[in-house]
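The values are calculated or read from the model by the stated rules, or taken from the named source; none is laboratory data. Not measured: the values here are computed from a predicted model. Glycine also receives a Cβ, built like all others from the backbone with ideal geometry; neighbour counts cover every protein chain displayed.
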Amino acid sequence: MPNLSALLRAVALAVTLSSAVVAFAADAPKPIPPTPREEAERALKKFTHAAGFKVELIAHEPDLKHPVAFSIDEKGRFFISESHRFPNHVRSVFSHLDWLDDDLASTTHASLTNYVMRRLGTNAPTPASKRVSEIIRLLEDRNGTGKPTHSSVFASGFDEPFTGTAEGVLAWNGNVWFTVAPDVWRLKDQAGKGVERKSLLHGFGVHLGYAGHELHSLRLGPDGKLYFSMGDRGFHVERDGRTLARADSGGVFRCNLDGSDPELLAWGLRNPMALSFDDRGNLFVCDNNADIGDRSRWLQIIEGADYGWRIGFQYMERVKLPSPWHAERLWHLPHPGQPAWHLPPLGHASAGPSGMTFNPGTGLSRRYDDHFFLADWRAATTGGILAFANRPKGATYEITEPTQLLWEMLVTDVQFGVEGGLYLSDWVQGWGGTGKGRLYRLFETNVVASALVQETKRLLGEGMGRRNLAELGQLLGHRDQRVRQNAQFALASQSAAVATLAEAATKGANLHARLHGIWGLGQQAVSEMPRAAVTQLLPLLTDPDAEIRTQTARVLGDARATQAYDGLVKLLTDPSQRVQLFAAQALGKHGRAAAVAPLFAMLAANTNHDAYLRHAGVFALTRLQDTNAVLAAATHTSPAVRMAALLTLRRWESPAVARFLSDADPLVITEAAIAINDQPIPAAFPELAALLQNPQLPTLAGKADEPARQALVRRVVNAHFRLGQPANAAAIAAFARNANATPEMRAEAVNALADWHTPPKTDRVIGLFRPAPDRSAADGANALRPALDELLLRSPDAVRIATAKAIAKFAITNAAPALHQVVADRALAAEVRVAALATLAAQNDAGLAAATRLLRTDPDAAVRIEATRLLTKLKPAEALPLLLGIVRRGTIPERQDALTLLPAAEGKPRPAPRLLIDHPLYQLNRRATGSETDRVVTDLLERLVAGKLEKELNLELIEVANGRQGNPVIKAQLEKYRATLPKNDHLAAWRESFYGGNAAAGKRTYYERIDVACQRCHKINGQGGEAGPDLTGIGSRATREYLLESILFPNRQIAKGYENATIVLNDGRNFAGIVQSETDAELVLNSPEDGLVKIKKSEIKSRDRTMSGMPEEFSFALSRQEVRNLVEYLASLK
């Protein structure tokens, strides 16, 4: 923009000139840094895009910064949601995991504020605290150039301490709607008198949760309502006598444009940032994956649907018993045996969906008709825009294979503008704010210059207010969806327009005109003029076109038009399952119990095949409230009808769902157990718990290698756990002894007993905050005691280990003989024997010292190591010479452990007399008079300096030596060693972490540490995220030094194919693209614009590269041992 850019260039020039004077004096001239415009234009070269397109820069920093989302109004003005609070001024529970129970317990925004203020104490924000505001930026073209020429702040002041991140923005018809938790705002420019703002809805965000799981995606629906979404930070919203509240997941909402009549349309979502309508009035969302090896989900939003996500899943992932999200395959595509209570995805798309739009019909060539365009944000420059379409399948759709329309941009949002083409907001780089932000346009030259695009721009700019009914009726068939919708809304607001809308609905020039006619009549049918509109709609229930029947059923349902009942019942047998779906939902809104029987018939015919159609039946049954009919369906001959009745009872939270625990179909039994535990329905816990005595239960649970089939057993055991009586503990103990059950489920039973006296505050199955009732601490131990010998001595390894740990938790002392027997049994796995040994140690067993002495000759190194650790704790003086011997002669793992144990075994040395310390002979002969430990450490240091020490011992030796620098000989050897290290080495403090790690421990860090979340961005053997390089086989491609550097300093050397560089040569030429290869003298750049370019480094004037998407914070999150273990694991991936 000329005004701001000129100022910036002048400032940059002044700074450059002043710097040049200093540089001249030092005879070292510095290059002039590029201006923001130059930098943004150079970035154009690195973008890849589909053939036939061009990309142009529209705006850049400082005219916008940190764009999250944007909206383009009818006049072509850009309203940009800018986040200046993310990530440094919004909190995440991942930075305060000790707050997790408090966070999950919070159910309102007020309770969230209260607990965080209490936790912060003296660090809590005060009115005097510095505030940072989110911003709505306005970019507008005041000179008729077709591009913004003026930047201003449209609104700010969104800066309360617990305000979330700026997200959704929608500009339409002179109003601006804006979402920033906890509020949905409406703003309006008062023609020079400031911006009026009003909170329409309040109460979004009841947890800290994941930062960025906020309010998103403001959209206008075909019914004239406002639609938006919320992440799994939850919500508790009260308005107009309604309460919308869920603390367990995110959802999709709608309300009138003034915020009245708010509705929760769907829930069970994690972070649904990308929300869009197609031209059939279908609403779709791409819900972000959970960074735990799952994939983002493409979902059609159906009223009343639960899509399966619960916030507790994020925090409870375990290796052998993962959350139901994985174990029960909730995020997978539809498949037989999948739990029926949720709707599965229609497809998987994107690694980081952040914004989305649907092709309105103009602005791109016809090959992109009916396409969605999804911003795939990957925290690096490997993201971009995916293009794809839907194709009909059953009652809904399936997704076509996404293609990359534009790539190598960190796109946060994508929208169509009035000038034609797609507009994209670019975060530029990294996770945090860098002060940058850009807008680009992706377009086809021949299309944007077409008469159709120019006509669309004119129609949108002129508006609909002065057009007559006939003209508005004609515009209902326009190619552009925005024009059609605006014309529809203008007609729907006029009582005299019924005939015009009816004409379009029945005789429209094309399907679009007919649909908008129906939707317009639908708007009138729910307003003050329903009768005339309904009369016009009724005949369309028998229209030859299935889509007309579908949309007519939809709007007549919303209007609660009782006259439509007979026609809707007939549609339950329509050849189109899509028609059946909307007819069923419409009947549910009519409230006539007579619809139950035809709904059962529809469900029976579906045979549980289409989950979305089944949901429509359940939705209707839930609304109709015919309790007797639903209860009677428990004996229906159709498993599909019984399943639907069960799901209806679940939604009613009726204890009668327990009737289905004796069903002939194992899937129905499992579904009933899921309903009782997960909903929950406490009154049905006793019936669920009684299944533990069913001899067929292990068979119903499935095989051990099929964790999804263990859903039933987990919930039956959990029912006993939550009931919490002595008989329940005894039942769990009996099941733990059941040889027909899988080892994992038997171990889970023992683990439940181990938690008996200190139950977690979160549910053991779904991770939600549900403190268990009080119970006697002794009941768990009493139930376990009679089974100890069998569980320890005659059970699978998983059960033995769980039992040993439970004995330690309960402090059961009479198990010592069996534990000693386990420890002495060399045929058992090391993990089992170590667990038993650890329990004996926890009990200070009298025979432990003797046992550890015997185990020093055990053939298993893991057992020897654990025995040595315990002997050091019990008898340090006895252990010291043993440790010194191990340091000299043991295996590498044993020597590492012995070095670590030396300080504890030696204890605090007695200081020598001051007179002796000061004597010169003492200083000269300290090595001779020092401890045996000092002499061993000194010998090892000498070998280290000479390059003769096993490299796997470096870390332990250096750490022990650092603690013994009071010995001048050791201190001198350390200094000699440090002198051998490379100078100015950024890895100096970490070089000892190259070798000697524990690969198994590193694997646990990779998969289980949620504060590190490696698999969020990286994939191994097909599992994990896509934002970073695939690590499959990385150990055969990369050195350990490279692995260590990539973990700690990811920007030093970005992986091949992920470094995006902009190169300026001495002669002024510039290139941008992916660095393919690099040597000391040359680099090879793969440029989308210039192809493969070889560049001599001596000719490079400047090199600017984007930052890695991986944060440089792991040096604070991980210890040196943990980093070494992670390196070892990655190096093992050959």
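From the list ASP678, ASP610, the one residue that fits, being surrounded by 17 or more Cβ atoms within 10 Å (Cβ to Cβ), in contact (Cβ under 8 Å) with a residue 60 or more places away in the chain, touching a Gly at 6+ places or on another chain (Cβ under 6 Å) and not basic (Lys, Arg), is ASP610.
Within the group ARG531, ARG514, which residue is over 30 Å from LEU374 (Cβ atoms) and either of a type in the set (Lys, Arg) or in contact with a Cys (Cβ under 8 Å, 6 or more places away or on another chain) (or both)? Full working, then the answer.
Working: ARG514 fails: over 30 Å from LEU374 (Cβ atoms).
Answer to the selection: ARG531.
As a summary of the residue check, PHE313 satisfies the conditions (1) in contact with a His (Cβ under 7 Å, 6 or more places away or on another chain); (2) crowded, with 24+ Cβ neighbours inside 10 Å; (3) not small (Gly, Ala, Ser) except for the one numbered (1).
Which of the residues spanning the range 172-203 are over 19 Å from GLU214 (Cβ atoms) and assigned to a strand (DSSP E or B)? Within the range 172-203, TRP172, ASN175, LYS188, ASP189, VAL195, GLU196, LYS198 meet the criteria. Counting the residues of the range 370-427 that are part of a strand (DSSP E or B), charged (D, E, K, R) and either within 19 Å of the chain's Cα centre (by Cα) or at pLDDT below 95 (or both) gives 2.
Conditions tested, residue by residue: (1) closer than 24 Å to SER450 by Cβ; (2) surrounded by 24 or more Cβ atoms within 10 Å (Cβ to Cβ); (3) β-branched (Val, Ile, Thr).
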position: PHE372; (1), (2), (3): yes, yes, no
position: TYR397; (1), (2), (3): no, no, no
position: PRO402; (1), (2), (3): no, no, no
position: ASP413; (1), (2), (3): no, yes, no
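For the range 1062-1134, which strands (runs of 3 or more DSSP E) that fit wholly inside it have 3 or more residues that are over 30 Å from PHE94 (Cβ atoms) and at pLDDT below 80? Quick ask: steps written out before the conclusion?
On the way: elements: 1070-1078, 1082-1087, 1091-1096, 1100-1105.
So the answer is 1070-1078, 1082-1087.
Determine, yes or no, whether ASP610 is closer than 20 Å to HIS335 by Cα, of a type in the set (Asp, Glu) and modelled with pLDDT under 95. No; evaluated as a whole, the condition is false for this residue.
State yes or no: is ARG623 assigned to a helix (DSSP H, G or I), surrounded by fewer than 24 Cβ atoms within 10 Å (Cβ to Cβ), touching a residue at least 12 places away in the same chain (Cβ under 8 Å) and of a type in the set (Lys, Arg)? Quick ask: steps written out before the conclusion?
Values: assigned to a helix (DSSP H, G or I): yes; surrounded by fewer than 24 Cβ atoms within 10 Å (Cβ to Cβ): yes; touching a residue at least 12 places away in the same chain (Cβ under 8 Å): yes; of a type in the set (Lys, Arg): yes.
Taking the combined requirement at face value, the residue satisfies it.
PHE70 meets all of the listed conditions (1) closer than 20 Å to ASP159 by Cα; (2) assigned to a loop (DSSP other than H, G, I, E, B) but one, namely (2).
Here is the figure for the range 180-214: residues that are within 20 Å of the chain's Cα centre (by Cα) and under 18 Å from SER260 (Cβ atoms) total 1. Comparison of ALA546, ALA533 shows that the only residue that is modelled with pLDDT under 95, closer than 26 Å to LYS589 by Cα and not polar (S, T, N, Q) is ALA533.
Applying a threshold of 8 Å to beta carbon distances and a minimum spacing of six or more residues, or different chains, the list of pairs starting in the range 97-116 at a residue that is free of Cβ contacts under 8 Å to residues at least 40 places away in the same chain and ending at one that is in a helix (DSSP H, G or I) and hydroxyl-bearing (Ser, Thr, Tyr) reads ASP102/TYR115. Contact map, the range 1118-1133: residues that are in contact (Cβ under 8 Å) with a residue 40 or more places away in the chain and closer than 9 Å to THR1005 by Cα paired with residues that are of a type in the set (D, E, K, R) and assigned to a loop (DSSP other than H, G, I, E, B), Cβ distance under 9 Å, separation 6+ or inter-chain. Pairs shown: GLU1122/ARG1009.
Working only within the range 352-361, note down all residues that are surrounded by 24 or more Cβ atoms within 10 Å (Cβ to Cβ) and assigned to a loop (DSSP other than H, G, I, E, B). Show your work before the answer.
So in the range 352-361, the residues surrounded by 24 or more Cβ atoms within 10 Å (Cβ to Cβ) come out as 352-356.
If the condition is that a residue be surrounded by 24 or more Cβ atoms within 10 Å (Cβ to Cβ) and assigned to a loop (DSSP other than H, G, I, E, B), then GLY352 is the only one that fits.
Is it the case that the range 69-78 has a residue that's assigned by TED's automatic domain parsing to the domain that holds PHE178 and either in contact with a helix residue (DSSP H, G or I) (Cβ under 7 Å, 6 or more places away or on another chain) or without any contact (Cβ under 8 Å) to a residue 24 or more places away in the chain (or both)? For the range 69-78, residues assigned by TED's automatic domain parsing to the domain that holds PHE178 and either in contact with a helix residue (DSSP H, G or I) (Cβ under 7 Å, 6 or more places away or on another chain) or without any contact (Cβ under 8 Å) to a residue 24 or more places away in the chain (or both): present.
Let's see how each residue does on (1) of a type outside the set (Asp, Glu); (2) at pLDDT 85 or above; (3) surrounded by 16 or more Cβ atoms within 10 Å (Cβ to Cβ):
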{"site": "ASN984", "(1), (2), (3)": "yes, no, no"}
{"site": "ALA988", "(1), (2), (3)": "yes, no, no"}
{"site": "THR1005", "(1), (2), (3)": "yes, yes, yes"}
{"site": "ASP1011", "(1), (2), (3)": "no, no, no"}
{"site": "CYS1014", "(1), (2), (3)": "yes, no, yes"}
{"site": "GLY1024", "(1), (2), (3)": "yes, no, yes"}
{"site": "PRO1029", "(1), (2), (3)": "yes, no, yes"}
{"site": "GLY1035", "(1), (2), (3)": "yes, yes, yes"}
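Among the residues of the range 692-715, those identified as in a helix (DSSP H, G or I), more than 29 Å from the chain's Cα centre (by Cα) and at pLDDT 85 or above are LEU692, GLN693. Contact annotation: residue pairs with Cβ atoms under 7 Å, 6 or more positions apart or on different chains, pairing a residue in the range 360-381 that is touching a residue at least 60 places away in the same chain (Cβ under 8 Å) with a partner that is outside any strand (DSSP E or B) and hydroxyl-bearing (Ser, Thr, Tyr), are THR362/THR456; LEU374/SER350; ALA380/TYR1058; ALA380/SER1108; THR381/THR1106. Of the residues in the range 540-558, at least one is within 21 Å of GLN494 (Cβ to Cβ), under 40 Å from the mean Cα position of the chain (by Cα) and surrounded by fewer than 24 Cβ atoms within 10 Å (Cβ to Cβ).
Looking only at residues in the range 148-168 that are in contact with an Asp or Glu (Cβ under 8 Å, 6 or more places away or on another chain), in contact (Cβ under 8 Å) with a residue 40 or more places away in the chain and not in a loop (DSSP other than H, G, I, E, B), which one is farthest from LEU57 (Cα to Cα)? Once the filter is applied, the top-ranked residue is PHE154. Across the range 447-482, the number of residues qualifying as assigned to a helix (DSSP H, G or I), in contact (Cβ under 8 Å) with a residue 60 or more places away in the chain, out of contact with any Gly (no Cβ under 7 Å at 6 or more places or on another chain) and of a type outside the set (D, E, K, R) comes to 4. Could you look through the range 125-147, keep only residues that are touching a residue at least 12 places away in the same chain (Cβ under 8 Å) and assigned to a loop (DSSP other than H, G, I, E, B), and pick out the one that is surrounded by the fewest Cβ atoms within 10 Å (Cβ to Cβ)? Restricting to residues being touching a residue at least 12 places away in the same chain (Cβ under 8 Å) and assigned to a loop (DSSP other than H, G, I, E, B), the top hit is SER129.
Within the range 425-463, restricting attention to residues that are among the hydroxyl-bearing types (Ser, Thr, Tyr) and crowded, with 21+ Cβ neighbours inside 10 Å, which residue is farthest from ARG42 (Cα to Cα)? My answer is THR456. Is it true that LEU104 is crowded, with 22+ Cβ neighbours inside 10 Å and within 30 Å of GLY463 (Cα to Cα)? No.
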